[in-house]
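Input: a single structure, listed below in structure tokens.
The values are calculated or read from the model by the stated rules, or taken from the named source; none is laboratory data. Being a predicted model, the structure only gives us computed values, none of them experimental. Neighbour counts are summed over all protein chains in view; Cβ atoms, including those assigned to glycine, are modelled from backbone coordinates with ideal geometry. Ligands, DNA and RNA are excluded from the accessible area calculation, which covers all protein heavy atoms including side chains. Shrake-Rupley method; radii C 1.70, N 1.55, O 1.52, S 1.80 Å.
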Amino acid sequence: MPARVYSCAVLGLEGVLVEVEVDFTSGFGLIFVVGLPDTAVKESRERVRAAIKNIPVKFPRRSIVINLAPANVRKEGPSYDLPMAVGILTASGIIAQGAVDDLIIVGELSLDGTVRHTPGLLPMAVMARDEGYKSICVPVEDAPEASLVPDLQILPVRSLAELTEHLIGAETITPYKKSPVQQLPPLETLTDFQEIKGQEHVKRSLEVAAAGNHNLLMNGPPGAGKTLLARSLPGIMPMMSLDEAIDVTRIYSIMDKLPKNTPLLQHRPFRSPHHTISHAGLVGGGTWPQPGEISLAHRGVLFLDEFPEFGRRVLEMLRQPLEDKVITISRAQGSLTFPSNFMLVAAMNPCPCGYYGDPLKACSCSTTTITRYQKRLSGPLLDRIDIQVDVPRVEFEKLSSDRQGEPSCQVRERVEKARNRQQERLADSPRSSNGEMIPREIREFCSLDNKCHSLLRGAAQQLGLSARSYHKVLKLSRTIADLAGEETIKTTHLGEALQYQPRDGN
Ligand SMILES: Nc1ncnc2c1ncn2[C@@H]1O[C@H](COP(=O)(O)OP(=O)(O)O)[C@@H](O)[C@H]1O
Ligand SMILES: [Mg+2]
């Protein structure tokens, strides 16, 4: 009977059970591994051999065959070292099969048998719990991350020797003591609203965007403060619930992007990829698909500075995830889906030199260059942006004044109240904010009285609003009414929403 130890692979964002079967075969001293890619096997084999030599047991004087099943699941990385080593010790009779039956074992080994940090522990722990395993053995460093999953015992392992002692009953490992999640204060590294001078109407548009989860485009000359304003957004968005935080942490966990000593990401992500980013880097991809920036920005902000400079093909790729809030990447082996429910915040200069329309500095671009620059953004993409706002340069007096604005935490309180109203209203829907509403919901929740109707009709003609923009205006009016705590949309709300529409009606 081969020995059988249980471990875990990560497919997309989901943990998948992997069985590590170990048996002896004819010959002496060789280790054959099936079910892993070539280079990984070679390295793993050497680490496992060295680690076992470093504990006081005899390395079996026979050849070993290890099978990682199921064969069709991609097993990547070094996280199978520890289960393979335990499998060899179980096949040798040092560890009893019964001791490893209800355990998931994950971890990379160093040559001296120490267990090292392994990415992706959070989805693995979720799998262990869902499949009914009692405990999961994880690298000691990763125990806090795994412990986010309730109803599962976490055994923090320092070394192969320590785990062996535990499994033969010589010295037990104390399970990791879970502590309740402490809510962290807002990030200091991002901008607080009160540091931004002037720009009151832009700040208001950010508040509306945050309140209803609306995408936003800022247009203004260099130095006007667009980047500064964008960076202030996560601070006024509602705090993430524990479920949301775990949802975001999973993505960073598999990408091995969790900051050290931060098992749970509690702050909304802010991602600002450069415009030279590849298409796979932005939306995800690769032979074995990995999430891209749009997934790293899940539940947070994706800031695209110099928006028209992003390749047109790259920008067009955003349309589907903006609509579906997930991205599906298809490969010959099957397709994988990653979450990508982000708020798009884009910034652009009005023209290539940046000063078109600036009262102080002359623009050096020709009319055709300006038109061509602005045309780089396609109508269908702009259609998915609810708010367009001009960011003029701040006057010197305002910049140099000591007057402090409202701090982010105060704005966030209003935003949270407005979001709560939306959540109640959309309780029966999979969507939870106005920005996400589908046409049927817009019809149901954004009804207008006669006065509003005639205002909208007039504006639609004057601004040349398209049918699609009409829906944007309704959704925005709903959010503005929610911020005001009003059940019905009034002309003032509608009027403000119309201000956020571009003149040509895109
Ligand atoms: N409204 C403002 N309040 C305070 N500082 C500002 C403001 N606008 C711009 N600044 C300052 O000017 C710098 C440039 O702003 P930035 O956000 O990079 O402009 P943009 O992205 O529009 O080119 C910022 O680092 C900030 O220090
Ligand atoms: Mg900038």
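Give me the Debye-computed log₁₀ of I(q)/I(0) at q = 0.15, 0.23, 0.26 Å⁻¹ for the stretch 25-79, equal point scatterers on Cα only, no solvent, two decimals.
-0.46, -0.96, -1.10
For the stretch 352-506, taking Cα atoms only, what is the radius of gyration to one decimal and the Dmax to the nearest whole Å?
18.5, 54
Angle check, please: helix 450-463 long axis (alpha carbons) against the longest principal axis of the chain (alpha carbons), in degrees 0 to 90, nearest 10.
Tilt of helix 450-463: around 90 degrees.
Whole-Hz Karplus ³J(HN,Hα) for the stretch 4-18, in order, using 6.51 cos²θ - 1.76 cosθ + 1.60 and θ = phi - 60°, x for Gly and Pro?
Each residue of the stretch 4-18 in turn: 9, 10, 10, 9, 8, 10, 10, 10, x, 10, 9, x, 10, 5, 10 Hz.
Which three lengths, in whole Å and largest first, does the stretch 322-435 cover when its Cα atoms are put on their principal axes?
Extents along the principal axes, in whole Å: 52, 44, 23.
Measuring with a 1.4 Å probe in the full set of protein chains, what accessible area per residue, in whole Å², belongs to the chain?
So the chain comes to 46 Å² accessible per residue, rounded to a whole number.
Return the long-range amide H neighbours of LEU217 (sequence gap of 5 or more, or a different chain), with a cut-off of under 5 Å between placed amide H atoms.
HN-HN under 5 Å from LEU217: ALA346, ILE387, GLN388, VAL389.
Over all directions, average the projected area of the Cα convex hull of the chain and note it in nm².
Its average projected convex-hull area is 27.6 nm².
Charges at C-beta only: +1 for Lys and Arg, -1 for Asp and Glu. How large is the resulting dipole of the chain about its Cα centre, in Debye rounded to 20?
1060 debye
Chymotrypsin sites (Phe, Trp or Tyr not before Pro) within the stretch 1-72: which are DSSP loop residues with at most 10 other Cβ atoms inside 10 Å?
PHE28
Can you list the HN-Hα couplings for the stretch 223-234, worked out from phi with the Karplus curve (6.51, -1.76, 1.60; θ = phi - 60°), rounded to whole Hz and with x for Gly and Pro?
x, 6, x, 5, 5, 4, 5, 4, 5, 7, 4, x
Need one number: % antiparallel among DSSP beta bridges in the stretch 27-171, to the nearest 5.
Values: 3 of 15 bridges.
Around 20 percent antiparallel, to the nearest 5.
As a test of the formula, what do you get for the chain when each DSSP H run with n ≥ 4 contributes -39,500 (n - 2.57) and the sum is divided by the residue count, at 222 nm and rounded to the nearest 500 deg cm²/dmol?
So the calculated ellipticity at 222 nm is -10500 deg cm²/dmol.
What full-extension length gain, to one decimal in nm, is calculated for ALA96 and THR369 as 0.36 nm per residue of separation minus the Cα-Cα distance?
Details: separation 273, 0.36 × 273 = 98.28 nm, distance 7.49 nm.
Gain in length upon complete extension: 90.8 nm.
For the charge dipole of the chain, defined by +1 on Lys and Arg C-beta atoms and -1 on Asp and Glu C-beta atoms about the Cα centroid, which residue among ALA460, THR287, GLN183 has the Cα displaced farthest towards the positive pole?
It is ALA460.
If you take the charge dipole of the chain about its Cα centre, with +1 on Lys and Arg Cβ and -1 on Asp and Glu Cβ, which of VAL10, PRO83, SER272 is farthest toward its positive end?
SER272
Reachable lysines from LYS203, Cα under 20 Å, same-chain residues fewer than 8 places away excluded?
Candidates past the 8-residue exclusion: LYS226, LYS398, LYS417, LYS472, LYS475.
Got a sec to turn the phi values of the stretch 90-104 into Karplus ³J(HN,Hα) couplings, 6.51 cos²θ - 1.76 cosθ + 1.60 with θ = phi - 60°, whole Hz, x for Gly and Pro?
Result, ordered by residue: 6, 4, 7, x, 6, 10, 7, 4, x, 6, 10, 5, 10, 10, 9 Hz.
Could you give the semi-axes, largest first, of the ellipsoid that matches the stretch 211-257, computed as the square roots of 5 times the alpha carbon gyration tensor eigenvalues and rounded to whole Å?
The three semi-axes for the stretch 211-257 are 28, 15, 9 Å.
How large, in percent, is the carbon and sulfur part of the accessible surface of the stretch 265-420 at a probe radius of 1.4 Å?
On the way: 3810 of 7560 Å².
Answer for the stretch 265-420: carbon and sulfur cover 50 percent of the accessible area.
Enumerate by residue number the GluC sites (Glu not before Pro) in the stretch 376-460 meeting two conditions: DSSP loop (anything except H, G, I, E, B), and at most 13 other Cβ atoms within 10 Å of the site's Cβ. Working shown, then result.
Numbers: sites: GLU395, GLU397, GLU413, GLU416, GLU424, GLU436, GLU441, GLU444; in loops: GLU395.
For GluC sites (Glu not before Pro) across the stretch 376-460 that sit outside H, G, I, E and B with at most 13 neighbouring Cβ atoms in 10 Å, the list reads GLU395.
For VAL18, which sequence-distant residues (separation of 5 or more, or a different chain) have an amide H within less than 5 Å of its own amide H, given hydrogens modelled in the peptide plane?
SER7, CYS8, ALA9
To the nearest 20 debye, what charge dipole does the stretch 358-506 have about its Cα centre, counting +1 at the Cβ of each Lys and Arg and -1 at the Cβ of each Asp and Glu?
Dipole size: approximately 520 debye.
Check ILE104: other-chain or 5+ apart residues with amide H under 5 Å from its amide H, H built from backbone geometry?
Under 5 Å from the amide H of ILE104 lie the amide H atoms of SER135, ILE136, CYS137, each far enough along the sequence or on another chain.
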